[in-house]
1. Can you pull out every residue in region 141-154 that is under 20 Å from SER47 (Cβ atoms) and out of contact with any Gly (no Cβ under 9 Å at 6 or more places or on another chain)?
2. Which ones in region 243-258 are assigned to a strand (DSSP E or B) and closer than 12 Å to ALA219 by Cα?
3. Could you please find all residues in region 154-164 being at pLDDT 95 or above and not aliphatic (A, V, I, L, M)?
4. Exactly one condition in (1) over 13 Å from the mean Cα position of the chain (by Cα); (2) among the acidic types (Asp, Glu); (3) within 20 Å of CYS199 (Cβ to Cβ) is false for GLU138; which is it?
5. Being part of a strand (DSSP E or B) and of a type in the set (Ser, Thr, Tyr) narrows it down to one of THR229, THR240, so name that one.
6. Could you pull out the residue among GLY196, GLY189, GLY200 that is at pLDDT 95 or above and either surrounded by fewer than 19 Cβ atoms within 10 Å (Cβ to Cβ) or of a type in the set (Gly, Ala, Ser) (or both)?
7. Return a yes/no flag: does region 28-36 have any residue that is over 20 Å from GLY119 (Cβ atoms), modelled with pLDDT of 95 or more, surrounded by fewer than 18 Cβ atoms within 10 Å (Cβ to Cβ) and not hydrophobic (A, V, I, L, M, F, W, C).
8. With ALA168, ALA174, ALA149 as the choices, which residue is under 15 Å from the mean Cα position of the chain (by Cα) and under 20 Å from ASN216 (Cβ atoms)?
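The values are calculated or read from the model by the stated rules, or taken from the named source; none is laboratory data. Computed from a predicted structure; not experimentally measured. FYI the Cβ positions are ideal-geometry reconstructions off the backbone, even for glycines, and counts take in every protein chain you see.
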Amino acid sequence: MKTIISFALIAMLLSATTAFAATTVDTTWSGGGSFGTTFTSGDDAHSSFSTNGALISGQFHATDYDDNPYTYSVDTTNTNVMSHVGNGWMEYRFTRDGSYSPMYGVAGQQSYTYIGSSGTGDFAWTTTSNYAALGNSEYGFQNNNQMQATGSHYDILHSISANINNGAGIAVHADGTTQISDMCDSASGATSYTFGKGCGCYTNAVANTVGSGSFNLFADADHQIVTDTGITVNGGSLTTYSDFTGGFHFNNFALTGN
């Protein structure tokens, strides 16, 4: 496998009251075999991406802005990934480790994605965290089809969580072609999250499979889950599950929980 790794470190600039030091890492890969990378933004956030397959390619970009907005002692962190795999898998995880807890609750929010297929898999994603929240806002990065797979894709799993008991996700197992659009997720505080909802942009939460397989939308919340399709669960769990042989379409799987 041919692996190209480049690092760009932006020099620290100091003033009498504020320190500015952005650290940016750009990594690209192409070939066959395995690749993995991790990025730690001090005690504010950490992310990781790994992949293995007969054919893998992509890029991983991460920035620790070291900006300390409002002197809350939590920096802004961003990562974005664009990846392709043939006959293999990829896994992405971003965890928010820092929060200005007096106003925004505890940290620990997480975005997670896994795609595995004997055919092909594609992933395009960006995540940002700061003192207030973790957000996956794909508007302007890739508006549609952020998760795709062809062939026998034994797993497309994507989730957002505020903590271990509060979060939502989708899981697809299929033979054929699957495209999933998820414009925006967010998570903050002790329990609050959105999944597929517009966060400063329009809602675009669409799952489409041509072929056979299964689809599962799941959510858990201490207080309430509200879906865009009109379901309300007051404390507990929600599961929307389908087995299909001739295709599947869900035109809005967006929901909120707290």
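1. Here is the first cut: in region 141-154, the residues under 20 Å from SER47 (Cβ atoms) are 141-142, 146-147.
Answer for region 141-154, where residues must be under 20 Å from SER47 (Cβ atoms) and out of contact with any Gly (no Cβ under 9 Å at 6 or more places or on another chain): PHE141, GLN142, GLN146.
2. Selection gives LEU255, THR256, GLY257.
3. Hits for region 154-164 are HIS158, SER159, SER161, ASN163.
4. Single failed check for GLU138: (1).
5. Values: THR229 fails: part of a strand (DSSP E or B).
It is THR240.
6. On the way: GLY189 fails: at pLDDT 95 or above; GLY200 fails: at pLDDT 95 or above.
Going through GLY196, GLY189, GLY200 in turn, just one is at pLDDT 95 or above and either surrounded by fewer than 19 Cβ atoms within 10 Å (Cβ to Cβ) or of a type in the set (Gly, Ala, Ser) (or both): GLY196.
7. Filtering region 28-36 down to residues over 20 Å from GLY119 (Cβ atoms) leaves 28, 36.
Checking which are modelled with pLDDT of 95 or more leaves us with 28, 36.
Keeping just the survivors that are surrounded by fewer than 18 Cβ atoms within 10 Å (Cβ to Cβ) gives 28, 36.
In the following step, the residues that additionally are not hydrophobic (A, V, I, L, M, F, W, C) were identified as 28, 36.
Among the residues of region 28-36, at least one is over 20 Å from GLY119 (Cβ atoms), modelled with pLDDT of 95 or more, surrounded by fewer than 18 Cβ atoms within 10 Å (Cβ to Cβ) and not hydrophobic (A, V, I, L, M, F, W, C), which makes the answer yes.
8. Numbers: ALA174 fails: under 15 Å from the mean Cα position of the chain (by Cα); ALA149 fails: under 15 Å from the mean Cα position of the chain (by Cα).
ALA168 is the lone residue from the list that is under 15 Å from the mean Cα position of the chain (by Cα) and under 20 Å from ASN216 (Cβ atoms).
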